[in-house]
Amino acid sequence: MSRIICTEVLEHVDDLLRVTAELVRVGQPGALYLITVPDPAAEHLQKRLAAPAYFEHPNHIRIIEREDFGRLIEDSGLIIERRSSHGFFWAMWWLLFWQAENPVGDGVNPSIDAWTETWNAVLKARGGLKVKETLDAFMPKSQVIVARKPG
């Protein structure tokens with residue numbers, strides 16, 4: 001494979017080294033990887049509000065700290081080309097989700113609906129993209145690594 005995508009998976013698996021070794025194995029020399037995991041800032045907040053089962057097998061069985069994520073990818077033999085984070089909107093959305101008794105469905109949760117409306121207004125306003133980038137850096141939902149297999 002020349003392109004490998006692994007998004008929001010590693011926090012669920014029992015054996016991180018086995019999974020990352022398999023990702024590396026299936027990539028041809030020079031393969032490009034897009035790998036994401038939940039960001040610890042959002043995960044630690046969610047842990048305070050989420051149903052306990054959310055942080056039990058087969059759901060999120062670990063929180064992968066930023067330094068550990070980079071080390072895992074490098075130790076697997078990949079070269080990190082770029083790191084980023086994104087998803088402040090979703091980090092907040094999930095906190096409101098856990099607060100709600102009936103969390104899903106348009107009009108079912110006024111907090112989630114109001115949050116979505118507010119976020120859309122922020123994005124449309126002057127400087128909205130800069131506000132988004134600032135908040136994504138502050139509390140992202142996901143950490144992202146783009147890596148390459150040596151070749």
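Exposed loop positions in the chain were taken to be GluC sites (Glu not before Pro) whose DSSP state is not H, G, I, E or B and which have at most 10 other beta-carbon atoms within 10 angstrom. Between these positions, the longest stretch is 1-55. Compared with the alpha-carbon gap, the fully stretched path from GLU81 to THR118 is longer by 9.9 nm at 0.36 nm per residue. Evaluating 6.51 cos²θ - 1.76 cosθ + 1.60 at θ = phi - 60° for every residue in segment 3-15, the Karplus couplings come out as 9, 10, 10, 9, 10, 6, 10, 4, 5, 9, 8, 6, 10 Hz, glycine and proline recorded as x. Based on the Cβ-Cβ distance of GLU133 and LEU45, what FRET efficiency does E = 1/(1 + (r/R0)^6) give at R0 = 30 Å, to the nearest 0.05? E(calc), rounded to 0.05, equals 0.90. Angle of helix 128-138 to the longest C-alpha principal axis of the chain, folded into 0 to 90 degrees and rounded to 10: 60°. The candidate values are [x] 0.95; [y] 0.98; [z] 1.03; the one derived from this structure for Rg/Rh (Cα atoms, Kirkwood Rh) carries the label [z]. Counted by neighbouring Cβ atoms within 10 Å, the residues THR20, THR7 run from fewest to most as THR7, THR20. Extending 7 Å from the Cα toward the beta-carbon at both ARG71 and ARG25 defines two label points whose distance is 2.5 nm. Note on segment 122-150 and segment 1-80: Cα centroid distance 19 Å, given to the nearest whole angstrom. Relative contact order of the chain: 37 percent, from C-alpha pairs under 8 Å at least 6 residues apart in sequence.
In the chain, the longest principal axis of the Cα atoms and the axis of helix 110-124 are about 70 degrees apart. Helix 40-49 and the long axis of the chain differ in direction by around 50°, with both axes built from C-alpha atoms. As a proxy for reagent exposure, ranking THR116, THR134 by other Cβ atoms within 10 Å from fewest up yields THR134, THR116. Among 121-128, 46-53, sorting by the average number of other beta carbon atoms lying within 10 angstrom of each residue, highest first, gives 46-53, 121-128. Net charge dipole, the chain: roughly 600 debye, given to the nearest 20, about the Cα centre with Cβ charges of +1 for Lys and Arg and -1 for Asp and Glu. For TRP98 and ASP15, the difference between the fully extended length at 0.36 nm per residue and the C-alpha to C-alpha distance is 27.1 nm.
When MET92, MET1 are sorted by how many other C-beta atoms sit within 10 angstrom of their C-beta, beginning with the fewest, the order is MET1, MET92.
The numbers here are math on the coordinates, done by the rules we state, and not lab data. This structure is a prediction, so every number in the text was calculated from the model and none was measured. Quick reminder, even Gly has a Cβ in these numbers, built from the backbone with ideal geometry, and neighbours come from all protein chains shown.
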